[in-house]
Amino acid sequence: MEQTFIMIKPDGVQRGLVGEIIGRFEKKGFTLKGLKFMTVDRSFAEKHYADLSEKPFFSGLVKYIISGPVVAMVWEGKNVVVTGRKIIGATNPADSAPGTIRGDYAIAIGRNVIHGSDAVESARKEIGLWFPEGIAEWRSSLH
Ligand code: CMP
């Protein structure tokens, strides 16, 4: 089953949006497969955003991501990469539609609350980086 990596960024945590964001993914029908509350260091953030290292905003982006705790998650379900990006909304909150997370809770691209993998292959890489120990599995059904 398809999986994606979702991270609630430090501004999302600080503003108390964790429950709201998790609720949106749960209510849509996706399955939470991994969750960590953690503060990452500079070299880890640089690895996560390695593809953007030549961008002029790279150092500001890294500073933002390491500024406080984030919530790192793995979500699973049919088409979760593309649908997760739809739930999140466009990268620039100026373009993200009301009803999306960024459309409802963000106004600036440099403080856009949440990250979601942009493709199945980047999801695989990001999950490997953030959850190197693997993710929890059910051993038996509860019902
Ligand atoms: P994210 O979905 O995490 O993917 C890359 C991130 O880079 C993006 O969200 C923004 O936080 C950040 N970003 C992209 N473009 C800009 C920009 N022009 N200025 C500042 N930050 C940006």
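What follows draws every value from the coordinates through simple rules; no lab data is involved. Because the structure is a prediction, the values reported are computed rather than measured. A quick note on method: Cβ atoms are made from the backbone with ideal geometry, for glycine too, and the neighbour counts reach across all protein chains shown.
With both residues required to sit in the chain, DSSP beta bridges show an antiparallel share near 95%.
Annotation: amide H of Leu35 within the under-5 Å range of Val74, sequence separation 5 or more or interchain, hydrogens built in the peptide plane.
With contacts taken as Cα pairs under 8 Å and at least 6 residues apart, region 1-99 reaches a relative contact order of 48 percent. This ranking places Leu142, Leu35 by how few other beta-carbon atoms lie within 10 Å of each, fewest first, which gives Leu142, Leu35. Divided by 2.2 N^0.38 Å, where N counts the residues, the Cα radius of gyration of region 3-136 comes to 0.97.
Using only side-chain charges placed at the Cβ, +1 for Lys and Arg and -1 for Asp and Glu, the dipole size of region 3-136 relative to its Cα centre rounds to 200 debye.
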